[in-house]
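Bear in mind that the values in this text are calculations on the coordinates, not laboratory data. Quick caveat, the model's predicted, so the values are computed rather than measured. All Cβ positions, even for glycine, are placed from backbone atoms using ideal geometry, and neighbour counts span all protein chains on display.
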Amino acid sequence: PATGIMFLFETARLRGAPSLDTLVITAVENEEPVDIFGITEAGDWMLIRIPGQNNVIGWMFRDLVFTTDDLSGVPLYRADGIAVDPQFQLPTPVPGTDTPTPTPTPRTTPPITPPQSDDGTGAAAPGPLPDEVVLTVDDEFVPGDARIYFTVENDQGDALYLDLAEAQIQVWAGLLGPQAEGWVPAPFELIAPGTTLYAAADTRRGGRLLDASRVRVVKTPDWDRFAQVSTAELAGAIRRGDALTLTGGPLVPGVFLLDRAGTLQQIREEETRAAWVSGADDAGMVLTQPSPRAGDDGFTWVRNDGGGVRINAQPLHTIYGVAGDPFGGVWWVEVPEADLDQWQLWHYEPATGRLALRLATNGEILDVAGSASPALTPMLVAARPTFAPGEQGAVAAVELLVDTFDRGNQKQNTGVYRLSIQLDESGRGTLAGLPQKLLAPGVYQGPVRVSPAADRLAFLAYDAEHASLTSGIVTPPNQLKLLTLAGRGASTVRTLYATETAYEFLAPALDWLDNNRLVFTR
């Protein structure tokens, strides 16, 4: 990067986007050395990093930065803060090739068949140590309390009881992804029926009870990544024009169809929430389940024609956010259920019949400041791919919007980011350019929702200066706000609604009805 120094008569403000209307990241003093990573096309704003403030990155008005370096090689950005310089630009077709399809229509509705799935695991576990025995969990149900004995089987086929009350539990990192190896701490909940363990244990009660001091998970149970589902009732109601909404059940879990006659009919038992995957009606809906049991996570994608698929998370993983794109694909993030900083981005594209691992990375991808702050874990909010030339061109890049949280400190809403991921010929991705922080911690509360046109981000917020109902340190949101993501007014935030009395608040429920209407709960 180019270098410069702040030249100020009073404290300046580092901002989240190249506009005076955007959020302030930090204050900057005179003679502060800076690194210059970008400049707007108009030359009025610079993207800078401040080494003296933990390498924080943001936008500064050009006249406040003094530099003698040649800026001709500094990447260019549009007025909304999106990179246009070739080294950060998403792939574009070379002249002479077929006409590109930057916004392809949704692919023709293909029959749903079992896809070819990438392998998201790494190297296999080594053999057991001399003091360890190989065991397989054969109980139909593993108790949630580690103090309760459960049944296992050794490699001779003998049924034994295993006591984990004092055991140290670990999992082989290769089961959690290709990025890491070795043994990492794991919660007891990762041990499920069919799991293979290495156990260091003393025997009691005539050798039938194993009192374990160390247990290591080395192999997961057999599992199905993909299963076809059918929702004929939903398809029929949509075809007849009778369908009104999908809703959670009033008394029992599940997803229910409410029709114009007032009839409530259960169409799914496992899931409890339904959401459109994109602004295209034919793209279908995603049904999800809250707070799944460890090792038992997944979602169901349902099309309007009644076809659908159930996609299960990899063993020892939890799904953090599902998003559809305008072209018929579904994207999601999977995070290990162990003490390991890594995550994976997956993509299911029915037109190609592939379930692809697009990105395997960790929290460093979101560390725009280059600091030693706690690693953040993403919750996928939206995904918008770019395709290579041709009607059925492969995905060349994808732009992600993610909310984040700090798993180590159990803090939610630690920043909303925009990431540009460029894919190579094999379909694997790397970060292109720098992540862009759209919302900072403390200025918003979840959920955050992207409009069907992907040009606006709705979110909830709490303003201490505005009267609303609170309880001690519990401060539920009292405002509904909108961040413009692209086009005229990009990076500006405006308040759409605020509570009207001191005896009310906004519930954490927010959705778009279409590109111009929001529904929320007061």
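Summing charges over neighbours of GLN445, with a neighbour being any other residue whose Cβ is under 14 Å away from its Cβ, gives +1 when K and R count +1 and D and E count -1. Only helical runs count toward this figure. For the chain, summing -39,500 (n - 2.57) over DSSP H runs of n ≥ 4 and dividing by all residues gives -500 deg cm²/dmol at 222 nm. Given a Förster distance of 56 angstrom, what is the FRET efficiency for ASP222 paired with ARG78, based on the Cβ-Cβ distance and rounded to 0.05? That pair, ASP222 with ARG78, gives E of 0.65. Other residues whose C-beta falls under 14 angstrom from the C-beta of TYR417 contribute a net charge of -3, scoring Lys and Arg +1 and Asp and Glu -1.
Here the chain is treated with +1 on each Lys and Arg Cβ and -1 on each Asp and Glu Cβ, and its dipole about the Cα centre works out to around 1120 debye.
Rg over Rh for region 453-522 works out to 1.01, using Cα positions for both radii and the Kirkwood form for Rh. Each residue of region 480-495 is assigned a 3J(HN,Hα), and the resulting list reads 10, 10, 9, 9, 7, 8, 8, x, 4, x, 4, 6, 8, 10, 9, 8 Hz, derived from the Karplus form 6.51 cos²θ - 1.76 cosθ + 1.60 (θ = phi - 60°), x at Gly and Pro. Placing R0 at 30 angstrom, the Cβ-Cβ distance between VAL229 and GLN412 gives a FRET efficiency of 0.45 after rounding to 0.05. Straight-line cross-link partners of LYS411 among the lysines, defined as a Cα under 29 Å from its Cα and at least 8 positions apart when in the same chain: LYS437, LYS481.
Note on region 313-441: Rg/Rh from Cα positions, Kirkwood definition for Rh, rounded to two decimals, is 0.96. Length gained on full extension, SER117 to ALA467, computed as 0.36 nm times the residue gap minus the Cα-Cα distance: 120.8 nm. Seen from every direction in turn and averaged, the convex hull around the alpha carbons of region 2-77 projects onto 4.5 nm². Pairs of Cα atoms nearer than 8 Å and 6+ residues apart set the relative contact order; for the chain it is 11 percent. Note: relative contact order over region 313-441, using C-alpha pairs below 8 Å and six or more positions apart, is 17 percent. Using the crude model of +1 on Lys and Arg Cβ and -1 on Asp and Glu Cβ, and no other charge, please compute the dipole size for region 2-77 relative to its Cα centre, in debye to 20. The calculation lands at about 220 debye. Peptides 396-405, 447-456, 158-167, ordered by how many other C-beta atoms sit within 10 Å of their residues on average, highest first, read 396-405, 447-456, 158-167. Between region 170-196 and region 471-497, the alpha-carbon centres lie 40 Å apart. Extension gain, ARG488 to ASN54, is 153.0 nm, computed as 0.36 nm per intervening residue step minus the present C-alpha separation. Counting Lys and Arg as +1 and Asp and Glu as -1 over every other residue whose Cβ lies under 11 Å from the Cβ of GLN436, the net charge comes to 0. Over all projection directions, the Cα-based convex hull of the chain averages an area of 30.0 nm².
Converting phi to 3J(HN,Hα) with the Karplus coefficients 6.51, -1.76 and 1.60 and the offset θ = phi - 60°, region 3-15 yields 10, x, 9, 6, 10, 10, 9, 8, 4, 9, 10, 7, 10 Hz in sequence order, with x at every glycine or proline.
A Förster radius of 56 Å, combined with the Cβ-Cβ distance separating ASP138 from ASP514, puts the computed FRET efficiency at roughly 0.60. Between the alpha-carbon centres of region 410-425 and region 1-28 there is a gap of 23 Å.
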